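Data first, discussion second: the structure below is written as structure tokens.
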Amino acid sequence: MTAAQFELIDESEAEAILRWRFEELVRAGYDIGSALVLASHVEIDLHDASDLACRGCPPETAVRILL
């Protein structure tokens, strides 16, 4: 989802998407802070972020790569 597409959805749907992204990132192994940062950047592909964590990339490094 692009940032422009995200801005077009209603507030409750946006909140649900951000919550889901955060939960998926935590489940993939990210710490809470990194998951919050990555979840809020809706232009970041969630699969790419999860793949990095699953391959053992430290959260701090993954955030730098993805941002």
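The values are calculated or read from the model by the stated rules, or taken from the named source; none is laboratory data. Nothing here was measured: the structure is a model prediction, and the numbers come from that model. Note: ideal-geometry Cβ built from the backbone for every residue, glycine included; neighbour counts use all protein chains shown. Accessible surface areas use protein heavy atoms only, side chains included; no ligands, DNA or RNA. Shrake-Rupley method; radii C 1.70, N 1.55, O 1.52, S 1.80 Å.
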Exercise. How many of the residues in the range 29-51 are outside any helix (DSSP H, G or I) and in contact with a Phe, Trp or Tyr (Cβ under 6 Å, 6 or more places away or on another chain)?
Worked result: 1
Exercise. In the range 55-67, what residues are of a type outside the set (Asp, Glu), under 13 Å from residue 31 (Cα atoms) and either open to solvent by 80 Å² or more (accessible area, probe 1.4 Å) or within 10 Å of the chain's Cα centre (by Cα) (or both)?
Worked result: 63
Exercise. Regarding residue 43, is this residue open to solvent by 70 Å² or more (accessible area, probe 1.4 Å) and over 9 Å from the mean Cα position of the chain (by Cα)?
Worked result: no
Problem set entry | Condition broken by residue 26, with the remaining ones in (1) in a helix (DSSP H, G or I); (2) β-branched (Val, Ile, Thr); (3) touching a residue at least 12 places away in the same chain (Cβ under 8 Å) satisfied | (3)
Exercise. Does residue 27 count as at pLDDT 95 or above, open to solvent by less than 60 Å² (accessible area, probe 1.4 Å) and among the basic types (Lys, Arg)?
Worked result: no
Seminar exercise, completed: Here the qualifying pairs (Cβ atoms under 9 Å; residues six or more apart or on different chains; first in the range 1-14 and at pLDDT 75 or above; second open to solvent by less than 90 Å² (accessible area, probe 1.4 Å) and in a loop (DSSP other than H, G, I, E, B)) come out as 5/42; 6/42; 14/42
